[in-house]
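K.L.:
Mind having a look at this structure? Questions to follow.
The values are calculated or read from the model by the stated rules, or taken from the named source; none is laboratory data. Values in this document were obtained by computation on a predicted structure and should not be read as measured data. Quick reminder, even Gly has a Cβ in these numbers, built from the backbone with ideal geometry, and neighbours come from all protein chains shown. Side chains included, ligands, DNA and RNA excluded: accessible areas come from the protein's heavy atoms. Shrake-Rupley method; radii C 1.70, N 1.55, O 1.52, S 1.80 Å.
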Amino acid sequence: MEVVVDVDAALEMQLAAYRRMTGEERLAIALRLHELTCDLARKEFRHQHPQATPVEVEERLRQRLRLARGL
């Protein structure tokens, strides 16, 4: 069975949901997404460098964040 998704309609529904939220609610979502992204980056680095210490993992994450800010 093939599922057909109208991406444009889904995007409009998501945007409408965001518009109904308060600024605080939108900020909370953004912060959760940031933490999720950081957690994924940490896991990726640990996978690539299993011998890395927690300090090294955090330093690598900070490096990635600095690079992203420069884009």
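K.L.:
Grab the other residues whose beta carbon is less than 15 angstrom from that of Pro50, score K and R as +1, D and E as -1, and report the net.
P.N.:
So the environment of Pro50 carries a net charge of +2.
K.L.:
Per the Debye formula with a single identical scatterer at each Cα and no solvent contribution, what log10 I(q)/I(0) holds for the stretch 12-71 at q = 0.17 Å⁻¹?
P.N.:
Rounded to two decimals, the profile gives -0.69.
K.L.:
In debye, nearest 20: dipole of the chain around its Cα centre with unit charges on the Cβ of K, R (+) and D, E (-)?
P.N.:
Charge dipole of the chain: 420 debye, to the nearest 20.
K.L.:
Here's something else I'd like to know. What's the carbon and sulfur percent of the chain's accessible surface, probe 1.4 angstrom, rounded to a whole number?
P.N.:
Here carbon and sulfur together make up 61 percent of the probe-accessible area.
K.L.:
Taking the highest mean first, how do the peptides 13-24, 53-64 order by number of other beta carbon atoms within 10 angstrom per residue?
P.N.:
Per-residue Cβ counts within 10 Å, averaged per peptide and sorted highest first, yield 53-64, 13-24.
K.L.:
Another question, then. Per residue, how large is the accessible surface of the chain? Use a 1.4 angstrom probe and give square angstrom.
P.N.:
89 Å²
K.L.:
Sticking with this one: Identify, among Ile29, Ala52, Ala68, the residue whose Cα sits farthest towards the positive end of the charge dipole of the chain, taking +1 on the Cβ of Lys and Arg and -1 on the Cβ of Asp and Glu, with the dipole about the Cα centre.
P.N.:
Result: Ala52.
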